[in-house]
1. Mind checking whether some residue in the range 73-84 is in contact with a Lys or Arg (Cβ under 8 Å, 6 or more places away or on another chain), open to solvent by 40 Å² or more (accessible area, probe 1.4 Å), within 15 Å of Gly2 (Cα to Cα) and in a loop (DSSP other than H, G, I, E, B)?
2. Being among the aromatic types (Phe, Trp, Tyr) and touching a Lys or Arg at 6+ places or on another chain (Cβ under 8 Å) is true for just one of Phe31, Phe24. Which residue is that?
3. What number of residues within the range 4-52 satisfy the criterion of being touching a residue at least 24 places away in the same chain (Cβ under 8 Å), closer than 19 Å to Val77 by Cα and in contact with a Leu (Cβ under 9 Å, 6 or more places away or on another chain)?
4. For Val1, only one of the following conditions fails: (1) within 16 Å of Thr91 (Cβ to Cβ); (2) part of a strand (DSSP E or B). What is its number?
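The values are calculated or read from the model by the stated rules, or taken from the named source; none is laboratory data. It should be emphasised that the depicted structure is a prediction, and the values quoted were computed from it without experimental measurement. Because the Cβ atoms are built from the backbone with ideal geometry, glycine has one as well, and the counts that use them run over all protein chains shown. These area figures cover heavy atoms from the full protein model, side chains too; ligands, DNA and RNA do not enter into them. Shrake-Rupley method; radii C 1.70, N 1.55, O 1.52, S 1.80 Å.
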Amino acid sequence: VGDDKTVTAWNVSHQPGQPLPEDFGKVVQQFTHTDAALAVCIGEKGELFTGSADKSAKQWKIPSPVPTRNFQHPNLVDAVAWSPDGKQLAT
């Protein structure tokens, strides 16, 4: 997450003991808020949840460049996390 309003996903998948693939460490996708991005967490199904100073939390799915859900918030969102049972998203 960054002050530049973006959340960046990087390719860091590899097989231990094998040479790193050519695309290791390359940007997979960037997601944009209208103000500084402040928080990110990953859901059970690989979706990203982000929080921002723009008073929103968003759900993203790679490779979509637009959020799949927007959650308006009364204040800036500087933390997002899943409950241990995976049933509630806290902001």
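1. Let us first name the residues in the range 73-84 that are in contact with a Lys or Arg (Cβ under 8 Å, 6 or more places away or on another chain), namely 73-77.
Right, trim to open to solvent by 40 Å² or more (accessible area, probe 1.4 Å) and you get 73-76.
Restricting the remaining residues to those that are within 15 Å of Gly2 (Cα to Cα) gives 76.
If we keep only those that are in a loop (DSSP other than H, G, I, E, B) as well, we get 76.
Checking the range 73-84: at least one residue is in contact with a Lys or Arg (Cβ under 8 Å, 6 or more places away or on another chain), open to solvent by 40 Å² or more (accessible area, probe 1.4 Å), within 15 Å of Gly2 (Cα to Cα) and in a loop (DSSP other than H, G, I, E, B).
2. Numbers: Phe24 fails: touching a Lys or Arg at 6+ places or on another chain (Cβ under 8 Å).
Phe31 is the lone residue from the list that is among the aromatic types (Phe, Trp, Tyr) and touching a Lys or Arg at 6+ places or on another chain (Cβ under 8 Å).
3. Number satisfying all stated conditions: 12.
4. (2)
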